[in-house]
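Take a look at the structure below.
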Amino acid sequence: MTPLKVLAALLVLTGCTTAAIIEPRPICDFNVVAAQRGAGSIPSEVPPTLSGMTEMPLNSVSITDFAITNKIVVESTTARRNPSGTVEVWARLVNCTDFPLQIEGRTHFLDESRAPAEEGSAWHRVFLPPRSFTVYTETSTSTARVKYYFVEIREGR
């Protein structure tokens, strides 16, 4: 028996005749993302009114561009106050596609009454290689006035 036939016989005996299918990472489940989307909170100072729009939730990231809603996932978002008193926000974003993406993000910092504490930041471009993650960050210029934030994400232009 030739060495090749011996190897083939061993593979058959050990059950290695078919290759395992390994999914590329990350694996994104957009059904979970859709199930987590709910109505935003309504400010307590204003009585609820009917609106055709759902409020963007505070202290979160919203993907505002339909073109990338099924391409990226927000894995996490958080903020902290720096020693100088400014607020640093960051969001971990995952590219769920097999091709590179350019996205842009901007942050709105709000005060205790949910009014703008400062102008919204400029759009900042972030590059995501295929099936990878990156972190978008922004820091406020205001100090004590910042209480809340929200981040907008869109496809790079």
Which ones in segment 119-157 are part of a loop (DSSP other than H, G, I, E, B), surrounded by 13 or more Cβ atoms within 10 Å (Cβ to Cβ) and not β-branched (Val, Ile, Thr)? GLY120, SER121, TRP123, ARG131, SER132, SER140, SER142, ARG145, LYS147, GLY156
Being at pLDDT 95 or above and either touching a strand residue (DSSP E or B) at 6+ places or on another chain (Cβ under 9 Å) or not hydrophobic (A, V, I, L, M, F, W, C) (or both) is the requirement here; does GLU104 meet it? yes
Subset tally (residues that are surrounded by 15 or more Cβ atoms within 10 Å (Cβ to Cβ) and assigned to a strand (DSSP E or B)) for segment 89-118: 16
Being touching a Lys or Arg at 6+ places or on another chain (Cβ under 6 Å) and surrounded by 14 or more Cβ atoms within 10 Å (Cβ to Cβ) is the filter here, so list the residues in segment 60-84 that pass it. THR64, ASP65, GLU75
State all residues of segment 58-76 that are part of a strand (DSSP E or B) and either over 12 Å from GLU152 (Cα atoms) or touching a helix residue (DSSP H, G or I) at 6+ places or on another chain (Cβ under 6 Å) (or both); if no residue qualifies, say none. ILE72, VAL73, GLU75, SER76
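The values are calculated or read from the model by the stated rules, or taken from the named source; none is laboratory data. What you see is a predicted model, and the numbers here were worked out from it, not measured in a lab. Counting neighbours? That spans all protein chains shown, and the Cβs are built from the backbone with ideal geometry, glycine included.
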